[in-house]
Amino acid sequence: MRISAKLKNEKELKVVIITSGAVSLGRSALSYDFGIDEGAAKKYGQSLIKEQILASIGQPKLMAFYNDEFGKHNLYCSQILATRADFADRDRYMSMKTVASNLLRLGIVPIFNENDVLSPEELDFSDNDQLAAMITAMLVVDSLILLTNVSGVFDKSPNDPGAKVIPLITEIGNYIKNIDDITRSGKGGMKSKLMTADLVTSLGISVHIANGLEKNILLKLTQKDVSAGTFFPPQRTKKVGAIRGWLAIAAVSEGKIIVSTFIADILRKKQTASILFTGIEKIDGNFSEKDVVEVCDDEGVILGRGMCKHSAGKLAKLIEEYKNKSDVDKAKTKAADIVAIHYNYFMYL
């Protein structure tokens with residue numbers, strides 16, 4: 001907390017924290033084992049309910065720690081609890097983004113954690129790396145720092161003699177493939193962090209993986225100390241905006257649009273293009289207006305994801321009406337009138 005406060009006060013950086021630990025704190029507070037109502041246990045699973053109960057006990061303790069530590073530096077922090085569904089739903093996502101952005105504007109440190117109590121699935125996000133990626137895309141930050149218990153990505157198992165930290169990685173895919181040769185993957189493990197780095201850097205945002213137990217590690221990273229951790233530079237020169245970031249990372253697709261070979265080739269080259277009626281071969285699913293859909297080629301390969309201007313039923317009707325027009329009437333039709341997905345609301349995958 002001291003270093004986070006220093007970064008904010010002295011370097012005037014805006015700091016966002018993604019945390020965990022509520023379940024562990026709840027477990028330490030409730031030292032005895034406890035039973036679960038039989039009906040609830042049968043419906044939801046005893047293990048899940050126990051973790052939700054422990055999270056509800058531990059979350060206040062976790063925030064009390066953050067409040068006390070930031071208070072020592074005359075700083076305020078806030079709590080934002082989120083589920084995967086909050087990121088998938090556009091309205092809830094925008095509400096969360098608005099609150100977090102204004103907290104930063106007011107000089108308050110937002111602290112995100114998964115809302116374990118409301119998670120319908122077993123702790124909802126696969127791990128906090130996934131949560132961090134979604135928040136990074138939502139706030140279009142400059143850099144993501146993933147802190148772990150090792151000093152970065154190693155050239156072999158960290159336990160092997162002579163193992164060295166790789167200071168810079170540009171081709172992340174090669175390391176994801178070989179991660180089992182480097183370290184064991186698991187929940188929140190190195191493989192997860194590499195996948196997060198690959199996704200986030202594709203949005204034009206840099207990533208660091210470093211040891212959170214190393215003294216002054218955050219200062220070293222912000223001072224661009226090359227000896228600190230592993231650095232992943234952005235894969236593109238311009239950052240992706242919040243809408244496209246949401247489409248890439250958080251949105252849930254409600255259907256599919258199959259496009260022609262010609263349009264598929266354009267999208268594979270990542271050229272800027274809207275999806276017009278003329279390029280649509282097939283519509284799958286019963287999606288509504290402004291729902292997110294996957295755009296696929298004729299073999300089902302996903303090329304991107306976008307917000308469709310029309311519902312599935314209306315889109316099919318409009319396409320049929322356009323096809324039945326004469327060549328003269330088609331020539332008179334404005335391109336804007338036959339757009340299914342505008343390029344501003346489409347993200348390549």
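None of the figures in this text is laboratory data; all of them are computed from the coordinates on show. Everything numeric here is computed off the predicted structure, so don't read it as measured data. Virtual Cβ from ideal backbone geometry, glycine too; neighbours counted across all protein chains shown.
DSSP beta bridges confined to the range 253-348 are antiparallel in about 80 percent of cases.
From the cross-link list 282/314; 193/224; 97/334; 282/317; 309/332; 256/290, which pairs have alpha carbons spaced over 24 Å apart? The partial results should precede the final answer.
Values: 282/314 13 Å; 193/224 20 Å; 97/334 35 Å; 282/317 12 Å; 309/332 21 Å; 256/290 13 Å.
Pairs exceeding the cut-off: 97/334.
Treat every Asp and Glu Cβ in the range 253-348 as -1 and every Lys and Arg Cβ as +1, leave all other atoms uncharged, and give the resulting dipole magnitude about the Cα centre to the nearest 20 debye. Don't jump to the answer; show the numbers that get you there.
Numbers: 15 positive and 15 negative charges, 69 e Å.
Around 340 debye, computed over the range 253-348.
Per-residue Karplus couplings for the range 92-104, computed as 6.51 cos²θ - 1.76 cosθ + 1.60 with θ equal to phi - 60°, are listed in order as 5, 4, 5, 5, 5, 5, 4, 5, 5, 5, 6, 4, 5 Hz, Gly and Pro entered as x. Taking the three principal axes of the alpha carbon atoms in the chain, the coordinate ranges are 74, 54, 44 Å, sorted in descending order.
Residue 258 sits among other residues whose Cβ lies under 9 Å from its own Cβ, and their net charge, with Lys and Arg +1 and Asp and Glu -1, is -2.
Mean-square fluctuations from a GNM of the chain, with a 10 angstrom spring cutoff on Cα atoms, peak among 223, 235, 130 at 223.
In this structure, the amide hydrogen of residue 115, modeled 1.01 Å from its nitrogen in the peptide plane, lies closer than 5 angstrom to those of 82, 83, counting only residues at least 5 positions away or on a different chain. How many angstrom lie between the C-alpha centres of the range 282-319 and the range 244-279? Here the two parts' Cα centres lie 9 Å apart.
Please name whichever of 338, 4, 25 sits farthest to the positive end of the charge dipole of the chain, dipole taken about the Cα centre and charges placed at Cβ: Lys and Arg +1, Asp and Glu -1. The residue sitting farthest along the positive end of the dipole is 4.
Trypsin sites (Lys or Arg not before Pro) within the range 13-117: which are DSSP loop residues with at most 11 other Cβ atoms inside 10 Å? List each step's numbers first, then the result.
Details: sites: 14, 27, 42, 43, 50, 61, 72, 84, 90, 92, 97, 105; in loops: 14, 72.
Taking the range 13-117 and a limit of 11 other Cβ atoms within 10 Å, the loop trypsin sites (Lys or Arg not before Pro) found are 72.
Simple point charges give the picture: +1 on the Cβ of Lys and Arg, -1 on the Cβ of Asp and Glu, and for the chain a dipole about the Cα centre of about 1120 debye.
Report the relative contact order of the chain, percent, no decimals, based on alpha-carbon pairs under 8 angstrom and at least 6 residues apart.
RCO, the chain: 13 percent.
Sorted ascending by nearby beta carbons within 10 Å, beginning with the fewest, 260, 326 become 326, 260. Pull up all non-local amide H partners of residue 303: gap of 5 or more, or a different chain, and H-to-H distance under 5 Å with H placed in the peptide plane. Excluding prolines and chain starts, which carry no amide H, the hits are 295, 296, 297.
The local environment of residue 173, defined by Cβ-Cβ distances under 13 Å, has a net charge of 0 under the rule Lys, Arg +1 and Asp, Glu -1. What residue among 16, 49, 159 has its Cα farthest toward the positive end of the dipole of the range 2-243, where the charges are +1 on Lys, Arg and -1 on Asp, Glu, each on the Cβ? Working it through, the farthest residue towards the positive pole turns out to be 16.
Using DSSP to define loop residues, name the GluC sites (Glu not before Pro) in the range 98-181 whose beta-carbon has at most 16 other beta-carbon atoms within 10 Å. Hits after loop and neighbour filter: 121, 122, 171.
Rounded to the nearest 5, what is the percent of antiparallel bridges among the DSSP beta bridges in the chain? Mind dumping the intermediate values first?
Numbers: 18 of 37 bridges.
Expressed as a percentage, antiparallel bridges in the chain total about 50.
Simple rule: put +1 on each Lys or Arg Cβ and -1 on each Asp or Glu Cβ in the chain, find the dipole, and look at 148, 279, 100; the Cα lying farthest toward the positive end is 100.
Which of 205, 135, 275 moves most in a GNM of the chain, Cα contacts under 10 Å? Looking only at 205, 135, 275, the biggest GNM fluctuation is shown by 275.
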